[in-house]
Every structure is written in structure tokens, then in C-alpha cells.
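Notes follow the structure.
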Amino acid sequence: MEAVKLAPVLLPPRTLLPVGLAVLHYGHAAAPNDRSLQDGDMALFDMGAEYHFYGSDITCSFPVFKRVVDSRPLENSVICFLNSMFCSKSAIFPYIQVNGKFTSDQSLVYNAVLDAHNAVIFAMKPGVSFVDMHKLAEKVILESLKNGCIIVGNVDDMMIERLGAVFMPHGLGHFLGIDTHDPGGYLKGLKKLEEPGLKALRTIRELQEGMVITVEPGCYFIDALLTPAMESSTTAKFFDREAISRFKGFGGVRIESDVHVTAGGCRNMTKCPRQISEIEAVMAGSPWPLNRSM
């Protein structure tokens, strides 16, 4: 499947459908992305394109269409969605009837991840530890889930018990360059951390001017992680079981941007719909970038 027409694809696009949405990279020859999307599902596209030998890695999550009205494959719809963002075309998903509206639960989880994404980018600058940025993302997500009455209790206590890793088991990001997962995350003498979530970090270095790194927080509802956490004597108290059951089968949300660390902060190089209002407008057929004067 081609990701975009703008440049050769560096990595195969990873399109996460609802059944596999809580699986970080879902879809290969033995387990293809062959589940039919249904009204009310969330889709997650994790893609990387190459430009002048340099890689990119961008993830978008959005509510999917209502029903297929054409037998043409999903790949065509993916290309049309991307063309609408990168080529400013006004028509998207011409082969399907679009829903494209977030439910209240989808909005809750999506905004939790978006707030974490934005908080990290705002805080990034030379000298800042990427471990601290990962923990910041976890804390923002936990605070949002608490505000949404999905979890209860003191967020600082949750951080001590590493509850953030239950909802975001992967690292916050990775270096980006000639390779999509560029080397250099662990220089000589650096050892990986052993705590849940933190052990998945691809780097624990302090940020330096000139680094290019992804920021990709996520929030997932994974039975294999939730069940033992809800049964644990140290973390069971944090869960509203009735609320958690509402999200069974939800999957998850991830937002990934490519960020350049500058002398005084950082620059987000990814330009695509992020706010819910932007996504819903593009899904409804508006060109991207949106015309703010209208």
C-alpha cells in the first residue's frame, strides 16, 4: 500500500484497525489488516515516507466512515485522505460515506493524548531529559483519564506505581534521520531503565540542539495489561471498573509528530489535522490547511 504520492515510502504504513488498535504495529503477511471497519470505530495510521534520503514517521488517529459504498480497497481511501492533507484537495474518501465525528469517549481519550503530545513539545528544549518528557506524557494522560472518571485517586501515587505504563506501554519516541528509528539512543555507558514503560524508551539522553526525534504518546485499553493491574494489590484501587469495561474493545489512540530541537526549544515539523475540530472538518471534505478566514 502506498502511503503518499509525494515521496517513496520508507516504512510500510501500519494501519491499525479496531481489533488491533491496541497492538502497536498491527498488520503483516500472517495477520493482515483485513477487519472491516464499522461506524463508531477509530482508525490509526502510522506511516513513514522518505524525502532526500531522510525519513519521517507520523501517526494520526481519527473516527472512521459509516459504510463502504464501493468495493475498491481501503488503500485507495487512505491515499485520498493523505492527499487531502498534503495536496490541499477538497474531496476526501470519494469511495465511501463518511462519519468522521468523534464520540464523547473517543474525544476523551483523543484529547488526553493530544494534551500529552502538546505538553511535551512545549517543554522540550536542550538539556531536558527525554525520560522526564516520557513521564510528563504519562502524567498528563493519567490526569485526563482521572478527569474523565476512568481512573480514581492521586495521580502522583499512580506515577509511583507506574500506572502510566498500563495505558502507554511504549516509549515516547525515537530519533529520526537517515533511518526511521535512527541510532544513537543509547551511547556508551548508558543502560536501559528497568521500570515498566520506561524500559521501552529508545533513548534516555538529554535533548541537544539539532536532534530530530518523534513525540508519540498513546493511550490504549489492552486487556493483557489492564487485567493484572486491576487485580494487583497496589494498583487495583485506581480503577473505576465500570468505566474501564466501557472501553473494552476500544483499542487506543496515538499521535506522533516529528520534532526538531532548537537552541531555545523545538519546532514541530509535522503539519496535519490534530485538533478534533480540524479532523472533523477535513473528514467532512474541507481542504487542508483549513481556511481560517471563513
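The values are calculated or read from the model by the stated rules, or taken from the named source; none is laboratory data. Since the structure is predicted, the reported quantities are computational estimates derived from the model, not experimental observations. Here Cβ is always computed from backbone atoms with ideal geometry, including for glycine, and neighbour counts include all displayed protein chains. Side chains included, ligands, DNA and RNA excluded: accessible areas come from the protein's heavy atoms. Shrake-Rupley method; radii C 1.70, N 1.55, O 1.52, S 1.80 Å.
Quick notes on this structure:
Residues checked against (1) at pLDDT 95 or above; (2) among the hydrophobic types (A, V, I, L, M, F, W, C); (3) under 24 Å from Thr227 (Cβ atoms); (4) open to solvent by 30 Å² or more (accessible area, probe 1.4 Å):
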residue: Cys87; (1), (2), (3), (4): no, yes, no, yes
residue: Val109; (1), (2), (3), (4): yes, yes, yes, no
residue: Ser129; (1), (2), (3), (4): yes, no, no, no
residue: Ala165; (1), (2), (3), (4): yes, yes, yes, no
residue: Leu172; (1), (2), (3), (4): yes, yes, no, no
residue: Phe175; (1), (2), (3), (4): yes, yes, no, no
residue: Asp182; (1), (2), (3), (4): no, no, no, yes
residue: Lys188; (1), (2), (3), (4): no, no, no, yes
residue: Lys192; (1), (2), (3), (4): no, no, no, yes
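- Any hit, segment 26-39, residues being open to solvent by 30 Å² or more (accessible area, probe 1.4 Å), farther than 19 Å from Asn268 by Cα, modelled with pLDDT of 90 or more and out of contact with any helix residue (DSSP H, G or I) (no Cβ under 7 Å at 6 or more places or on another chain): no
- Sole exception among (1) farther than 22 Å from His117 by Cβ; (2) touching a residue at least 60 places away in the same chain (Cβ under 8 Å) for Phe221, by number: (1)
- Counting only residues that are open to solvent by less than 60 Å² (accessible area, probe 1.4 Å), in contact (Cβ under 8 Å) with a residue 24 or more places away in the chain and of a type in the set (A, V, I, L, M), segment 252-294 holds 8 of them.
- Hits in segment 237-251 (condition: open to solvent by less than 30 Å² (accessible area, probe 1.4 Å) and on the phi < 0 side of the Ramachandran plot): Phe238, Phe239, Ala243, Ile244, Phe247
- Single unsatisfied condition, Tyr186 versus (1) more than 20 Å from the chain's Cα centre (by Cα); (2) on the phi > 0 side of the Ramachandran plot: (2)
- Selection over segment 223-240 of residues that are out of contact with any helix residue (DSSP H, G or I) (no Cβ under 8 Å at 6 or more places or on another chain) and of a type in the set (Val, Ile, Thr) gives a count of 2.
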